[in-house]
Each structure stands twice: as structure tokens, then as C-alpha cells.
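These notes concern the structure reproduced below.
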Amino acid sequence: MILEVKNLRKTFGGVVALNNVSFSVKNQEIFVIIGPNGSGKTTLFNVITGFYKPDEGIIYYEGRNITGLPTWKIARLGLVRTFQNTKPFLNLTVKQNVLIGALATTKENALKRTQEAIELAGLKQKEHRLAKELSIQDRKKLEVSRALATGAKTLLLDEPFAGLIDEEIEEFLELIKGLKKSGKTIVLIEHVLKAVKKISERVMVMDNGNKIAEGSYDEVIVNNKVREAYLGETIITP
Ligand SMILES: Nc1ncnc2c1ncn2[C@@H]1O[C@H](COP(=O)(O)OP(=O)(O)OP(=O)(O)O)[C@@H](O)[C@H]1O
Ligand SMILES: [Mg+2]
């Protein structure tokens, strides 16, 4: 297991955002987290990557206890997240944005990592464009590219397909498969269930701060608790 999360609890005042959440991710796995709005998915990423300290619980990355470490230290160990709302520097070029990502961990080989990340994310043709000129899809690629440039081995992607049309999602799915092939481990939060069906190796379902199911997409999607949590939303049956 490359990432192991044990009994995480995180509260905000009276809100229990994470309640005793445990899961593990294998090396080079594509692990997907789904769940209704407000179920704690982004909070989970925030706690794993050190943006928030958990109230309880332990997080191991490559066997090392990283609980409560600052984000930059966790990034140096190879664990990096992207944001649900992309936040590039709008007046900088793609390449400059990615270089900043590269420099976030260490100066060593920063330019080389920048070039590799741009290529892996499929942005080579657009490296000199300003971030503000990019489409939503390319901004999402830029976000992935910035995370890759840090030298990350494990990427936590928060809803990379939100706002994309089917064709763009297909392209993004190929990009993610390419990342896996190049040795990356991917943990993905996603709402677009038909994309989850295509890409996930294992799925964990959250509801109201709790983990309510885990398994293959086909397994979790027929689970009664999952169907209840998604009541009123479109759910794709296997
Ligand atoms: N910084 C914060 N301060 C107070 N409450 C927070 C904070 N961050 C998250 N929460 C609360 O924790 C709960 C879980 O939120 P979170 O953003 O993790 O959900 P999510 O599953 O990512 O939802 P979405 O699908 O809408 O992105 C919500 O009730 C949210 O309001
Ligand atoms: Mg979220």
C-alpha cells in the first residue's frame, strides 16, 4: 500500500466532515472517491495533504507517518493534490505556471520536470499561452501538470472532469491512464459516474462524513446504502 488512512476524524464546529474514515491505496492504482455534495471528499484531501490537521487518525505514505506534516513536506515526499476550482496565475504562461509547481518542492531539475509535466499533460502545443486564455479543459490539464512538475508520484485529483463535455472527459481519461502507465498512483474525487465506471479500479463511497462502501464500481453502485445516498440523483447501473 502506498497510502494508508486510518480512522480519520475531522470536525468543523458541530459539523463532522470526516467520521472514522479508513482506506488504503495500492501503488499505481486508480482509486476513486465518490459521494454526494458535502460528504467530506475534499476535506479528506485537505487532511491527507496537510492543509488541515485531523482531530483523530493516522495517515501513512510509503510506510511513513505523515499525519500533521505541513503540505510542502508532504509534497516533497511525492504526494500532491489538485484543487476543485483551478487556481493558475492567470497572467503567466502555461510553462511559467508549471515551473512554479516544479519549484514548490526543489530547484533541482526544475526545468526538466516542467517540460516532462507539460508533455505528460498534453500541453506542449500551448506552453507559451497565458493561463487566462485556456479553455476549462486545458486549465484542468494545467492543474495536473503543475502537480506533476513537483515530482509527485501520487496525485490526488479533485473533480478533474467537472464542467467538461463528454469528448473532453474521454481525452482526460486517456491522460489519467497514461499517468498510471508512467508509474503514478491516482486518487480521484469524481461526480461524473460514467467516467468513474470507465477509469476506476476501486471505488470508495462517502456520505455525510462516513465511508459507506468500497469495491469495484459495479459492486458499489448496487449497494443499498449507496443508492440511498444518491437518492434523487442520476445513477448509472452496471
Ligand atoms: N473549512 C471549513 N470550515 C467549515 N466547514 C467546512 C470546511 N470545509 C468543509 N466544511 C464542511 O464539511 C463538510 C464536507 O465538505 P467537503 O467540501 O469535504 O465535501 P465534498 O464531499 O467535497 O463536497 P462537494 O462534492 O460539494 O465538493 C460540509 O458540510 C462542509 O460545509
Ligand atoms: Mg469537494
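The values are calculated or read from the model by the stated rules, or taken from the named source; none is laboratory data. Bear in mind the structure is a predicted one, so any value in this text is a computation, not a measurement. Cβ placement follows ideal geometry from the backbone for every residue including glycine, while neighbour counts extend to all protein chains displayed. To get the accessible areas, we keep the full protein, side chains included, count just its heavy atoms, and leave off ligands, DNA and RNA. Shrake-Rupley method; radii C 1.70, N 1.55, O 1.52, S 1.80 Å.
Can you give the FRET efficiency for Asp166 and Gln125, using 1/(1 + (r/R0)^6), R0 = 22 Å, r = Cβ-Cβ distance, to the nearest 0.05?
Numbers: r = 22 Å, r/R0 = 1.01.
My answer for the efficiency is 0.50.
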Sequence gap at least 6, Cα distance under 8 Å: using those rules, report the relative contact order of the chain to the nearest whole percent. 25
Relative to a virtual label point 7 Å from the Cα of Thr11 in the Cα→beta-carbon direction, which members of the stretch 47-75 show backbone nitrogen distances below 12 Å? 55-56
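Quick one: net charge around Phe45, please, counting Lys, Arg +1 and Asp, Glu -1 for every other residue with C-beta under 11 Å from its C-beta. All intermediate terms of the calculation are to be shown ahead of the outcome.
Values: positive: Lys41, Arg81; negative: Asp158, Glu159.
Once positives and negatives cancel, what remains is 0.
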What are the ³J(HN,Hα) couplings of the stretch 216-229, residue after residue, when phi is run through the Karplus curve with 6.51, -1.76, 1.60 and θ = phi - 60°? Round to Hz, x for glycine and proline. 6, 3, 4, 5, 5, 6, 9, 5, 4, 4, 5, 5, 5, 4
For Thr150, what accessible surface area do you get with a 1.4 Å probe? Give it in Å², rounded to 10. 20
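Between Lys53 and Glu174, 0.36 nm times their residue separation minus their Cα-Cα distance comes to what? Don't skip to the answer; put the middle values down first.
Working: separation 121, 0.36 × 121 = 43.56 nm, distance 3.39 nm.
That pair, Lys53 and Glu174, stretches by 40.2 nm at full extension.
Fully extended, how many nm does the chain gain between Glu133 and Asp218 (0.36 nm per residue separation, minus their Cα-Cα distance)? Don't skip to the end; give the middle numbers.
Numbers: separation 85, 0.36 × 85 = 30.60 nm, distance 3.91 nm.
That works out to 26.7 nm of additional length.
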For a quick check: with amide H placed at 1.01 Å from N, whose amide H comes under 5 Å from Gly35's, ignoring anything fewer than 5 positions away on the same chain? Met206
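Ignoring everything except DSSP H segments at least 4 long, calculate the 222 nm mean residue ellipticity for the chain; use -39,500 (n - 2.57) per segment, divide by total residues, nearest 500.
Values: 9 runs with 83 residues, N = 238.
Result for the chain: -10000 deg cm²/dmol, rounded to the nearest 500.
Taking every pair of distinct Cα atoms and averaging 1/r, then inverting, what Kirkwood hydrodynamic radius in Å comes out for the chain? Write down the numbers at each step before the final one.
On the way: mean 1/r = 0.0554 Å⁻¹.
Value: 18.0 Å, from the Cα pair sum.
Once Rh is set to the Kirkwood radius over Cα pairs, what Stokes-Einstein translational diffusion coefficient, in µm²/s, holds for the stretch 101-151 at a temperature of 4 °C and a viscosity of 1.567 mPa s? Provide the component values of the computation, followed by the final result.
On the way: Rh = 10.8 Å.
It diffuses with D of about 120 µm²/s by this estimate.
For Asn65 and Met1 in one chain, what is 0.36 nm times their gap in residues minus the Cα-Cα distance, to one decimal in nm? Kindly include the intermediate steps, with their values, before the conclusion.
Details: separation 64, 0.36 × 64 = 23.04 nm, distance 1.31 nm.
That pair, Asn65 and Met1, stretches by 21.7 nm at full extension.
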Show me, for the stretch 53-59, the HN-Hα J-couplings you get by feeding each phi into the Karplus relation (A = 6.51, B = -1.76, C = 1.60, θ = phi - 60°), rounded to Hz, glycine and proline as x. 8, x, 6, 8, x, 9, 10
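Ignoring ligands, DNA and RNA, please state the percent of accessible area on the chain from carbon and sulfur, probe 1.4 Å. Kindly include the intermediate steps, with their values, before the conclusion.
Numbers: 5390 of 11020 Å².
Here it works out to 49 percent.
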Count the net charge of all other residues whose Cβ sits under 9 Å from the Cβ of Lys153, scoring Lys and Arg as +1 and Asp and Glu as -1. 0
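Sort 175-182, 111-118, 152-159 by packing, meaning the average of other beta carbons within 10 Å per residue, with the highest value first. Show your work: numbers first, answer last.
Numbers: 175-182: 15.1, 111-118: 19.6, 152-159: 22.8.
The densest-packed peptide leads the list: 152-159, 111-118, 175-182.
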Counting only C-alpha contacts under 8 Å and six or more residues apart, can you give the relative contact order of the stretch 88-151 as a whole percent? 52
Relative contact order computed over the stretch 37-111 (Cα-Cα under 8 Å; 6+ residues apart), in percent: 22
